[in-house]
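Take a look at the structure set out below.
The values are calculated or read from the model by the stated rules, or taken from the named source; none is laboratory data. Values in this document were obtained by computation on a predicted structure and should not be read as measured data. Don't worry about glycine lacking a Cβ; one is built from the backbone with ideal geometry, like all the others, and counts go over all protein chains shown. Note: areas computed on protein heavy atoms with side chains; ligands, DNA, RNA excluded. Shrake-Rupley method; radii C 1.70, N 1.55, O 1.52, S 1.80 Å.
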Amino acid sequence: MSCKEGFERRLKGMPVSPGIAMGVLRVEARGCSSPIVRTILPTEMESEWARFESALARTEEELSSLKARVEHLSGANEAAIFDAHLLFLRDKTILNKLRKEFPKRMQNIDSVYYAVVQNFMEVMRHVDDPYLRSRVVDIGDVLQRVLKNMAPAQNAPLCGDCTEPCVLAAYDLTPSDTADLDPRKVAGFVTEAGSAVSHTAILARSLGMPAVVAVPNLVIDSRVGCQAILDGYNGYLILNPTAETLQHYRELQAEKERAYTALIDMKDLPAETTDGRRIRLAANVEFAHEYTAIQRSGAEGVGLFRTEFFLLGDGSLPDEEAQYEHYRKLVESCSPEEVIFRTLDSGGDKLPFEVLEEKEDNPFLGWRGIRVSLSRVEIFKEQLRAILRASAHGKVGVMFPMVSGITEVKDVQALLEDCRAELRERGQAYDENMRVGIMIEVPSAAMMADVLARHVDFFSIGTNDLTQYTIAVDRVNFRVASMFRPTHPGVVRLMRQTISAGIPTAVCGEMGGDINLVPLLVGLGVSELSVGAHLLPVVRYAIRHLNYEECRAMAEEALQAEDSYTIRGLSVDMAHRCYPELFN
Ligand code: PEP
Ligand code: MG
């Protein structure tokens, strides 16, 4: 049943960013947005058709040269796929349908082509022949190329042309697509791919934008232009909602807002358990626009400033001076609380520092995090000096991503020492006592925590990567998303081993903001949780309703458990017993 037919329809996925979004649905198929629909004048018909013809010709050229290249590199068999693409490009059924539909609809040609091909894809998905069914992906590829060649505005932000907030449905979004979304134009987004700990999901939470991922067949099942509700609490995309559904969601939205405001009102209460264990509760920050939310949510400073979004966001790396100015302002606005800057963590699924000539086969195991910084020393030192100089204006900490062992720690310490000497020479101030820490997100670092603890002031456990690297499960691959379990005994034991090293240890991965798992983290003995600013009020409330000794006993039991479900169950039970009202 399609959206056009007007029946309410629910698609289920995984909620990754809370909130309710309502608006018209906009569909983005594998990197090509559904074109905006515009009525055209009869006088425009000829030029529109010419635009389409020239896009077909350009696409044909591209496909032929791709075919020649693949044939040269891998042989004729591999290149044959492009024959299928070329055939589809000139497919008579599609072109005839387009010729009929175009004068009937009198809309811009790209939108009519998009609609015709989408319908064709839908039909193909239901044919019995599995080979033909599997060709849907290729058709999508060709569609994408033709649309791109009709409107080559490649770098424009998604939905930049929307006049009111829409619900964006896409096969997938990259972190940079997400960072570019304008909340005035996109009320929420839903994707077919994705996972809860991808940077796309993390950014959605920092933008405060409701998001749902991993909705099977989303692109095929959605229709551009229908009314939609995105339920970021329960993971639903509702197409063509009925009046009752709309009313239900309006009430739910109002109720959630009321509950959140009540929690925000407690922002000045300490994050302390009922038996007096104090946990530092800080904010994770990606964007400058979040700085006001830090204060509003009562954060005790910033526990993780992901500097890569500021450094690589607009394509030109800010120099030392620009970085210093930016960092200084944040430090001053958070004073007297501490701001912990994490140095550039590019690579993996994040913005690349440099566009590499050859794509990495395993980007998460490749040129990422501290490895990039240590191979671009001059640029790294600019960032270190900027952070050191900011430390003269308030309390500052620095930490390094993706550290795997002591050699990297010694290398960064030596560079830090050089930077201090350079600043002394320049006569520029910095705090001699600035805390230096590392992220624990690679299993080898967790196993060596006792040794590493002798060289740094604090640890911050990045549970997103620690889980990914410990269980060998790609954090952004939705096919293995069900295996991504931070409560895997292997992960929990590594966390315990890290904390046992005896220096202050925070958790700044997404696990820290999951109120189901806060009892386990408190029980394991973390001294700090750093979470997305919007989660702070709810995590504070959770901590204030826990008893540390009970959490400790539960964590000991968890450490003896054999599987992730048992560990999760122990923590969830305690959470539901201590603050059932948060789960309503
Ligand atoms: C983590 O890995 O848990 C973490 C906090 O870092 P990021 O999500 O930026 O990789
Ligand atoms: Mg990480």
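Please list, ordered by chain and number, the residues whose modelled amide H lies under 5 Å from the amide H of V339; skip anything fewer than 5 residues away on the same chain.
Amide H neighbours of V339: V302, K395, V396, G397.
Tell me the label-point distance for the pair K12, E61, using the 7 Å Cα-to-Cβ offset, in nm and rounded to one decimal.
For the pair K12/E61, the computed spacing is 4.9 nm.
How large is ³J(HN,Hα), in whole Hz, for each residue of the stretch 95-112 in order, when computed from phi with the Karplus curve 6.51 cos²θ - 1.76 cosθ + 1.60 and θ = phi - 60°, using x for Gly and Pro?
Those phi angles translate into 5, 5, 4, 5, 4, 6, 5, 4, x, 5, 7, 6, 10, 3, 5, 5, 5, 6 Hz.
Considering the Cα trace of the stretch 42-154, what is its radius of gyration and what is Dmax, both in angstroms?
In order Rg, Dmax, the Cα atoms of the stretch 42-154 give 15.0, 48 Å.
Taking the Cα centre of the stretch 42-154 as the origin and placing charges on Cβ (Lys, Arg +1; Asp, Glu -1), which of Q118, I81, V142 is farthest toward the positive end of the dipole?
Projecting each Cα onto the dipole axis, the largest value belongs to Q118.
Determine, from the Cβ-Cβ distance of D431 and A322 and an R0 of 35 Å, the FRET efficiency 1/(1 + (r/R0)^6), rounded to the nearest 0.05.
0.95
So if I place +1 on the C-beta of Lys and Arg and -1 on the C-beta of Asp and Glu, and nothing else carries charge, what would the dipole magnitude of the chain be about its Cα centre? I want it in debye, nearest 20. Each step should come with its number before you reach the end.
Numbers: 64 positive and 83 negative charges, 185 e Å.
It works out to roughly 900 debye.
Under 16 Å from the 7 Å Cα→Cβ point of R454, by amide nitrogen: which residues of the stretch 503-538?
Label zone hits: 503.
Which value in nm describes the separation of the simple spin-label points at Q560 and K104, placed 7 Å from the Cα toward the beta carbon?
Those two pseudo-labels are separated by 7.1 nm.
Kindly report, to the nearest 10 Å², the accessible surface of D91 as traced by a 1.4 Å probe over protein heavy atoms only.
Around 40 Å² of this residue is reachable by solvent.
Taking a ≥ b ≥ c as the square roots of the Cα gyration tensor eigenvalues, with a/c under 1.5 meaning rounded and otherwise prolate when a/b beats b/c, else oblate, which class fits the chain? Before the final figure, lay out the partial values.
Values: a/c = 1.95, a/b = 1.55, b/c = 1.26.
Since a/c reaches 1.5 and a/b is larger than b/c, the shape of the chain is classed as prolate.
Hey, what do the phi angles of the stretch 463-478 turn into as Karplus ³J(HN,Hα) couplings, whole Hz, using 6.51/-1.76/1.60 and θ = phi - 60°, x for Gly and Pro?
After applying 6.51 cos²θ - 1.76 cosθ + 1.60, I find 5, 5, 7, 4, 5, 4, 7, 6, 8, 6, 10, 3, 5, 10, 8, 5 Hz.
Using a Förster distance of 41 Å, how high is the FRET efficiency between S527 and N217, based on the Cβ-Cβ distance and rounded to 0.05?
So, using R0 = 41 Å, E works out to roughly 0.35.
First measure r as the distance between the Cβ atoms of R278 and N234, then evaluate 1/(1 + (r/R0)^6) with R0 = 51 Å and state the FRET efficiency to the nearest 0.05.
That gives a FRET efficiency of 0.90.
Okay, helix-only estimate at 222 nm for the chain: each DSSP H run of n ≥ 4 adds -39500 (n - 2.57), divide by all residues, round to 500 deg cm²/dmol; what do you get? Mind dumping the intermediate values first?
On the way: 24 runs with 277 residues, N = 584.
Here the helix-only value at 222 nm equals -14500 deg cm²/dmol.
In the chain, with Lys and Arg counted as +1 and Asp and Glu as -1 at Cβ, which of these residues, L529, S333, V27, has the Cα nearest the positive end of the dipole, that is, farthest along it?
Of the options given, the answer is V27.
Just to check I understand the Karplus step: with θ = phi - 60° and J = 6.51 cos²θ - 1.76 cosθ + 1.60, what whole-Hz values come out for the stretch 559-564, glycine and proline as x?
5, 8, 6, 9, 9, 5
What's the local net charge at T39, with K and R +1, D and E -1, over the other residues with C-beta under 13 Å away?
+1
Please go through the residue pairs K67/K359; K97/K350; K267/K381; K350/K381; K67/K97; K67/K92 and name each one whose alpha carbons sit more than 31 Å apart in this structure.
Where the Cα-Cα span goes over 31 Å, the pairs concerned are K97/K350; K267/K381.
Could you give the length gained on full extension between I264 and D361, defined as 0.36 nm per residue of separation minus the Cα-Cα distance, in nm?
Gain in length upon complete extension: 30.5 nm.
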